Amino acid sequence: MGAGKVIASVLAGAAAGAILGILFAPDKGTETRRKIAEKGSDLAGSVKDTYNDISDTVSEKYDTAKKKLSDLVSEGKDVGKDMVNQAKEKANAMRNDVRNPNPVNS
């Protein structure tokens, strides 16, 4: 199960427990409604904070992965250019050997 689902489950359980605790408490209706509104507000703030934390973490990981990928692509291009240059040098050397053969001593 993903971390997001675990966090959502924990928050839902906490909210349900808080609401049930308030509903079964021996208070007046107006007091109970005030407590429910207060707990709802607290829970909304908690959910918002958790969402922001998760969003920031995901954003940081995305940026890190994007940077690593960019570095790998750049490194791959450099390696590719080096291989092309080496191949060109070998081709030029072979062309020179064909055009200017060394005489064989007999």
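The values are calculated or read from the model by the stated rules, or taken from the named source; none is laboratory data. Quick caveat: nothing in here was measured; it's all calculated off a predicted structure. Cβ coordinates were reconstructed from backbone atoms using ideal geometry, including for glycine residues, and neighbour counts include every protein chain displayed.
Scanning segment 13-37 for residues that are surrounded by fewer than 10 Cβ atoms within 10 Å (Cβ to Cβ) and assigned to a helix (DSSP H, G or I) gives Gly29, Thr30. Taking the criterion of being aliphatic (A, V, I, L, M) and modelled with pLDDT under 80, the residues of segment 21-42 that qualify are Ile22, Leu23, Ala25, Ile36. The residues listed here are Val6, Val47; of these, the one that is free of Cβ contacts under 8 Å to residues at least 12 places away in the same chain and of a type in the set (A, V, I, L, M, F, W, C) is Val6.
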